[in-house]
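One structure is given here, and the rest of the page talks about it.
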Amino acid sequence: DCASGYTRTGGGLYLGHCELCECNGHSDSCHPETGICTSCLHSTQGELCEQCAVGSFGDATAGTPEDCQPCACPHTDPDNHCASGYVGNPQERVKCRPYDDAASLVVKVYPERVLSSPGAPVTLRCQVSGAPPHYFHWSREDGRPISGSADRRRSGEELHFNSVQLRDAGVYVCTCTDQRSSNLSRAEIVVT
């Protein structure tokens, strides 16, 4: 048998020879017959520790412990689309940032998309997690002013249209600020 950290290669006389495991510097052990690496370290995976593990990015074949770094996003958690320790929402163009940098301020507008006929009432609600006080600012993504008939309710947390019109269609942005940070989210009103 080959010593630990080595695998048998080739065949023929004496059953081949022993060679050092090829794990791209991320493991010191492999299966003695197949050469498949075991116990990949440094956020790597694969038969030769040649891939970055889920939640990491980089080039695992470079051969250093820093080859694969944790991704800030995306992540599959429905409440936080960023990796553990990060907040934001890349689906809403809010970059993932380390939790401490964002001061835990996570903003989400509900509903994300409203289909409405003219004359119907529409309310967008800006939900925030993080320590109050929160300061809300509503704007349109296209830079146009928000209709004067729209009401801001619940200290600005809600944007309400009593009778939505075709001119009100568009993407609305809720920007929330607390004492340490700011974050935003978007929602679309479609009037048909």
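The values are calculated or read from the model by the stated rules, or taken from the named source; none is laboratory data. Note that this is a predicted model, so its numbers are computed, not measured. Cβ placement follows ideal geometry from the backbone for every residue including glycine, while neighbour counts extend to all protein chains displayed. Surface areas here come from the heavy atoms of the whole protein model, side chains and all, with no ligands, DNA or RNA. Shrake-Rupley method; radii C 1.70, N 1.55, O 1.52, S 1.80 Å.
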Expected sort for 117-126, 141-150 on mean C-beta neighbours within 10 Å, highest first, is 117-126, 141-150
Taking 167, 180, 140 and ranking on accessible area (1.4 Å, protein atoms only), highest first, one gets 180, 167, 140
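If the chain between residue 179 and residue 66 were fully stretched, how many nm would it gain, using 0.36 nm times the residue separation less the Cα-Cα distance?
So the chain would gain 37.1 nm between residue 179 and residue 66.
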Given a Förster distance of 22 Å, the FRET efficiency implied by the Cβ-Cβ spacing of residue 115 and residue 155, rounded to the nearest 0.05, works out to 0.20
Pseudo-spin-label distance residue 140 to residue 18, built 7 Å along Cα→Cβ, given in nm, is 7.5 nm
Rounded to 0.05, the calculated FRET efficiency for the beta carbons of residue 28 and residue 129 at R₀ = 45 Å is 0.55
